[in-house]
Structure formats: C-alpha cells, structure tokens
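Following: one structure in structure tokens, then a few remarks.
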Amino acid sequence: MWSTAGSLVNTATRNLDQDVALVRQRASDFLSGVETDLRFLADSYQIKELERQLAERGAPRYGSVSSLEAELLDFERTKQIYYRVRILDANGLDLLRAQSTSGKFGIGGFAVTPRGKLSRTSEYYYVFLTGMLKKDQTAFSPAEVPNEQLGRVAVVSFATSLYFHDKRVGILVADVFASTFFQVMASASPRSYSSRVMLVSGDGHFLYDSQKRRDWKKLFITTGESIDNDYSRSVSAKLLSGMAGIITKGIGEVVSYAPLFSKNTAPNSGDEKAGFSIPLFVIETIPKAVLMRPAYFVSFAFGAAILGVLVLSVTLSLVATNQFTRPIEELSRGAEIISGGNYEHRLKIETRDEIEKLADQFNAMADSILVRDRELMDHKVSLEKEVTERTAELREQKSKLQTILDNVPSALLVLDRDLKIQSVSAALGKVTGYQPEEVIGKVCCDFFCKAGFCQKCVSRGVVLSGKSEGHLDRIVGPDGTDRFIEHFSVPMQKDGKVEAVLEIVTDVTSRKKLEQHLLKTEKLATMGELAAFIAHEFRNSLTSIKMILQLFNESDDLDRSKKESLTVALNSAYRMETTVSELLGFARPTKMDFRLSSVNHVVEESIAFVKLRAEKSRVTIENNPDVTIPDLMVDVVHLREALVNVVFNAVQAIEERNISPQSLPALTEQNSSITIVTGRTKIGKTLRDFMYVEMTETSPDDHTDLEEIVLKKGTECVQIEIADTGPGITKTNISRIFDPFFTTKPNGTGLGLSMAKRVVNGHGGIVAVESKPGVGTKFRILLPLVHPTVSVGVA
C-alpha cells in the first residue's frame, strides 16, 4: 500500500509538472503569435503612412485612412480572435477603431467605428503602459472593456508604441477575447483522472478556473475570487512566490505550480522585446482521494483473496484428518522423507501389527542405503572438487582468450598449409562483410581474391618463405567509397615446419583518411600563414600605389587619355585589394555569432546579392522555400556569405557553359537556371566530415587543429539544395573543389567554396556535392536542428 501510494503520487507529480510546462509553453506560443500580429500590422504600409502623417501634421488625413480601415477589418476577419483593434495618438485619443459587432468570439462580424462615436477621452492607461517600454516592445494586460450589448467584455489587451524615426507618434492596441486565451489553459494533456487548472494573478485573484467557471464574462477585477479562499496563507505564499514547485504534504491535493512566464518561456525574452504588466501563475491540482482509489481497490481485493485461501486450507486439512488414520499417515510421511533422500530418518510406529513390521523393514532398508550413500557421497565430493578445479582453469583460459579476441578490432583467420580457413574471429563480419559460416572450410585465395577483397595473397608467400609478410589493399566498398584493408600473415611453425598461418585483416580506412586530412591540415596551416604574409605585404604596397594614382588622377594637368589610363590602373588596384581582403579573411577567420534566425530569410537575402549578376547573364534563380522549417541557431552574416559563394559559383558555371564554342548552337534549348529548395529531412546514413579549427592564442600549439563532424543516421536536419544547369564538375576536380586556392576560372581565387565549407562545418553541418558533366551540379547543405557547441572562426 505504501509503495503503491508513493508511486501514484510520484506519477501524478510528474504528470502535473509536464501539464504545467505544456500550459506555459502553449500560453507563451499564443502570446508570441499575438505579438507577431501586432508587429505585422505596425510594419504595414498604411500604418507607416499614418505614422508619417502624425509626425508631420499631428493628425491623420481622414480621406486617406479608408485603406487602413479596410486592412484592419481584413485582419480581424482573418484572425477572428480579436475583439477590437485601435490606433491611438501619442496622448491616448482614439484615431481609428475596428471591433466585433456582437462582442462574442466566433459570432457576428466586424465593423469600423464611425469617427463621431470614437472616444474623446484620453486613455492614459495605455499611454502609461507603453511609456515604460522601449521601441519594438509589446505590453499586455487583462482587462474588461465596455460593450453596448453585453455591458462589459473580458479581454487581454496588447499595446505597442508607433514611431516615426525615433519620435513616438501613436499607440497600436489589440484586444484579444479572453476566452481564446482560456481555451489554451484548458487544452492540457488528458489524463486518466480529472485535474483542476487555474490561472492566478500576482495578488491571488483567479483569471481562470477549469472547475468553477469555464465561460467567464468577468475577470478578477470584479469577481473577488481568490486562492486565499481555497488554501491556507502559507500555501498561497508558495503558489505566488514566483518559483516552480510541487506541494504534496499538508493538504488533501497534489499541487503543481509555476509562473506562467519565465525568462526562457516569455515571448521574445531573449532579445528584450516583450513587456508584461502583471505577474501570472499556473496552478494544477489533483485530489489525493482520486489518486489513492486504485490502491484502495487493490488492498481490498488482496485481503479478500488471503481470507479465501485461509478458509479453504482449514477446510481441506479437516477433511484429510478425518479420512486417514494416524499410523498410516505417519508411515506414508516417513516413506516420503526417506525417498526424498533423508536416510537418517526412522519410523516410530507401535501398533503391534503388520503396519509395525512394515515400518521395521523400512528402517532396515534406510540403514543399508545410508551406508551406501555415504560412500557415494565421499567419492562424489572428490570428483566434483577435481572437476571444479579443472573447469575453473579452462573457463579462465577461455575467458581470457575470448576477451582478447572480442576486443581485437582486426579479423583473425587460421589457415592450414593449403590455405583452407579453419577458424575465424567474430570481427570477420565487421571487417569483410562475410559471416564465419560462409568462409569456414573454403580456400582463402579462391574466396577473398575472386570476390575482390584481396589483391595479393600474402599467406601463400608465408607458407613458402616461413616469414611474416604484410600488404595494404585499396578496394571499393559497397557504398562506392574507398576502403584500405591491411593484411598481415604470421607463420605458425612446429619443428621448423609451417603447419598453419595466422592472417590478421584490419580495416585501416579511418586511419588512412585521418592521415590524409592531417596532411591537408598542415598544408592549410602553411597556406594560411603564407597568405597572411603575402596579403599584409601587398596591402601596404597597394595603399601607397592607390594614393599616388589618386593624386595623379586629381591633377588638372592630365589630358583625358591619361586620366582614363589612371582610372584603369586604379580599378586594377581595387581588384587586387579585394583579392588581398579575401586572403586575409581566409588566413584570419573571425569568430561566429550564433542567433536564432530563419534559414529561408537568409536564402532570400543571398539571392538578392547575386540577382543582378544572374539577370545580366540571363540566368533564372528559382527559390522554393519550405515555410514549415523551424528557425535555427545560425551566424546570419557568415551563412549568407557561404550561400552567396555557392550561388555565385553556379552563375559563373552557367556563364562559362553559355560562352563555350560548342554550346553556342544550342543556347536557346538549354535551361540556364538555378533552383534553390529548402526543407526538413532525416539523414539516411551516417555522414562524416573533418573541420579545420583555427587554434586560439591560449592553445598549446599554434597550428590548425582537426575536428571530426558526424551526422548520425536519423539526425533531423534543415537541407538547403542548390542545383544548377551548368557544365558540371569532372570526377578529377570534384574531390578538390573545397581545397583553398583551387579554381578552374582564369580570374578566380579558389577561396569561395573553401570558405563556404568552413562556414557550414562551423554550424556543425556538412556539404555534399553531386555533379554530372554536361548536366549540372547539385550542392546539399545539411544543418542539424540541434546545434552542437562549436567555437570556430570563419572567414
């Protein structure tokens, strides 16, 4: 009972805590949505025009506000959750109002209030409420507003200031039906028991109570209902303390409580754009009587079962006693004891009849069996001791050997002189892809060499020479990638003759790739240092050259032809300075600044950067964004530069195709286009890449470090796919396109794609490339939804 009750309370505690967290999250999402609506309205053209008129004239031109009235009506009809939307001037006077005609959510339409019916009284409450906010901040507060039909309507008011440049010219107020907000409170996860959900203000008054009232027309301002009526002062103090917690003792309920908004859940809490007028708290309770009902039922059923078993046992015992006599019962019991192995047991029956004689015979038989049993037992003990010792030795040896074999990553094969496979280790399947039962008894050369796994049989040479030999094979794996397999054979000799061969097969692909990447890292570090040195020296010289050329160009003594020549020289110097800046950016990367941002927005900005060049080259850029993808923690500036480099490279590739002599006859038939698609995807197989990380000043060695990036199978990512219809990339060049300074363009620096890869790697992502000569190239940029902790500098 005690364990069950504790388990139920713990389960209820977890459920309540999850429900409260869910309510807080849904409330935060709801208020964030309202705040987004306000910003959408505030950024509209009509309101911007109104701000300008208020700033210049102090009042709007009423002949030009009809479009704004129509926009407000369309907004309310679309959203449906707003009771009214108003625009006040800086002093709180009504300028424009659109509101529900019925005053009830989901019933009736919306209409613009005639100017003659607008309030002529300044609403200083909103002036005071928004006066404490910074620009772009939003405040909200529960309120009851007057209505001609219903008397008063419960709403949640949201207000933000309108600015023209840095001058505050008005206030935008949106009143949301309070019932829509309460529906968020009532939509917590359903449980097998009913709970009570409450929303309470900072002074303890109810805004919402799921059990007492569901269709509220009045808020705490007039009802006077408070948690002090339901709980003691100490419990109320805990509920309104501003901390999250659970109360299970001292009251007849399990209570979970938390502030509705915390630093991490308030809308826009991270960028300080949200303001709130009163503290609110979420409380959810479950009566303990409801929780303990299953435990009470189990206890009752268990007690009834025990009672039934006891009654049945007593009844059967009485029946057996009445049916059998005591001597026969004792004889039967003694026989069972002796037959069970207790040969020292003796029957004591004195009936002076056949039963007593039978008991004596049983005793004599038990004596003879006891002597025999002791002899067998002594022999058994001796044998068991010897067997136990030998078994322990064998198990220990086997365990050691098995441990060694299981922990060796290499596959071990034992071959006879004819190279037939006698035994293999468990690692064979992982290294070769073949299971032990597939290869046992087969000739090693015929099996592995014909299958393409071995290119040279080292074991045959070991049989002939009697010396160990090794060989490294480079093969193509099932996924099309290169694998490096090391074969090392050791002779197993007896009396100077090779009786068998131990072949050790090791997959050293990771080691070889790491060696290659380490070599690239050292080259990259050397190129970076050289680039920084050259860029520094060039920049000093270019500065002097530019100054001299500019002075000559400003001289009045030069004729037109000489000035044109100087202009050409200056432009060449500017291009050289641009190249030097790229070199410095590559050699001295800056640290990333990650912020929660929209990937689609970054893609749109990148397209805008290259749009003019694409139109000039008659290249069409098609953007297909997935609006459902979530925002990511990205460095907007560097990610935009990376995308610009990839898209700009695609434009240049199409230009190169269009100007090539063999493509001139078919220009009208070719599709000069770039397609950009964003979306959400799951990784189908584990992807790996290496990232070159510039070491900091506090690092032990002043060089470029190597860090592996792994996207495991099933990882959720945002994918940016950039496909062009250019000439494609040859198989020889595709493995080098991300190498610094590698380029096939006459005027290229070879740094664009290298820096783009560095940026994507800095986000914990991977760039994949697919290309077919004559068809085009496709870049797939994969950014994980869960951003890893990466501290890396990028150009």
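The values are calculated or read from the model by the stated rules, or taken from the named source; none is laboratory data. The structure presented is a predicted model; accordingly, all values stated were derived computationally and were not measured. Positions of Cβ are backbone-derived with ideal geometry, glycine not excepted, and every protein chain shown enters the neighbour counts. Accessible surface is based on the protein model in full, side chains and every heavy atom, while ligands, DNA and RNA are left aside. Shrake-Rupley method; radii C 1.70, N 1.55, O 1.52, S 1.80 Å.
The residue of the stretch 137-178 that is modelled with the lowest pLDDT, among those that are outside any strand (DSSP E or B) and surrounded by fewer than 22 Cβ atoms within 10 Å (Cβ to Cβ), is L150. Scanning for something within 16 Å of I286 (Cβ to Cβ), polar (S, T, N, Q) and open to solvent by 30 Å² or more (accessible area, probe 1.4 Å), does the stretch 17-29 turn up at least one residue? Checking the stretch 17-29: at least one residue is within 16 Å of I286 (Cβ to Cβ), polar (S, T, N, Q) and open to solvent by 30 Å² or more (accessible area, probe 1.4 Å).
Here L133 meets each of (1) within 42 Å of the chain's Cα centre (by Cα); (2) in a strand (DSSP E or B); (3) not aromatic (F, W, Y) with one exception, condition (2).
Quick check, is G92 of a type outside the set (D, E, K, R) and farther than 30 Å from S195 by Cβ? Taking the combined requirement at face value, the residue satisfies it.
Residues are listed down the side, and each one gets a yes or a no for (1) over 40 Å from the mean Cα position of the chain (by Cα); (2) within 30 Å of V290 (Cβ to Cβ); (3) of a type outside the set (D, E); (4) in a strand (DSSP E or B):
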residue: A12; (1), (2), (3), (4): no, yes, yes, no
residue: V23; (1), (2), (3), (4): no, yes, yes, no
residue: L54; (1), (2), (3), (4): yes, no, yes, no
residue: L88; (1), (2), (3), (4): yes, no, yes, yes
residue: G103; (1), (2), (3), (4): yes, no, yes, no
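All conditions in (1) open to solvent by 20 Å² or more (accessible area, probe 1.4 Å); (2) in a strand (DSSP E or B); (3) at pLDDT 80 or above hold for R474, with the sole exception of (3). Among the residues of the stretch 30-48, those that are open to solvent by 50 Å² or more (accessible area, probe 1.4 Å) and in contact with a Ser or Thr (Cβ under 8 Å, 6 or more places away or on another chain) comprise R39, Q46.
In the stretch 614-650, the residue that is farthest from the chain's Cα centre (by Cα) out of those that are closer than 20 Å to S597 by Cβ and in a strand (DSSP E or B) is N623.
For the stretch 388-410, filtering for residues that are among the hydrophobic types (A, V, I, L, M, F, W, C) and open to solvent by less than 90 Å² (accessible area, probe 1.4 Å) leaves 3. Reported count of residues in the stretch 411-428, each being open to solvent by less than 20 Å² (accessible area, probe 1.4 Å) and either on the phi < 0 side of the Ramachandran plot or touching a Leu at 6+ places or on another chain (Cβ under 8 Å) (or both), is 7. Listed conditions (1) of a type in the set (S, T, Y); (2) in a loop (DSSP other than H, G, I, E, B); (3) touching a Phe, Trp or Tyr at 6+ places or on another chain (Cβ under 6 Å) are all met by Y83, apart from (2). Highlighted here are the strands (runs of 3 or more DSSP E) found entirely within the stretch 685-795 that include at least 2 residues which are among the hydrophobic types (A, V, I, L, M, F, W, C) and at pLDDT below 85: 687-694.
Residues of the stretch 105-126 include at least one that is assigned to a loop (DSSP other than H, G, I, E, B) and touching a residue at least 60 places away in the same chain (Cβ under 8 Å).
Checking each residue in the stretch 364-389 for being within 60 Å of the chain's Cα centre (by Cα) and either within 26 Å of G334 (Cβ to Cβ) or not β-branched (V, I, T) (or both) picks out E384, K385, E386, E389. Name the residue that is most open to solvent (accessible area, probe 1.4 Å), counting only residues in the stretch 651-684 that are part of a loop (DSSP other than H, G, I, E, B) and modelled with pLDDT of 85 or more. The qualifying residue most open to solvent (accessible area, probe 1.4 Å) is G684.
The set of residues in the stretch 431-442 being surrounded by fewer than 16 Cβ atoms within 10 Å (Cβ to Cβ) and without any contact (Cβ under 8 Å) to a residue 40 or more places away in the chain consists of Q435, P436, E437, E438, I440, G441, K442.
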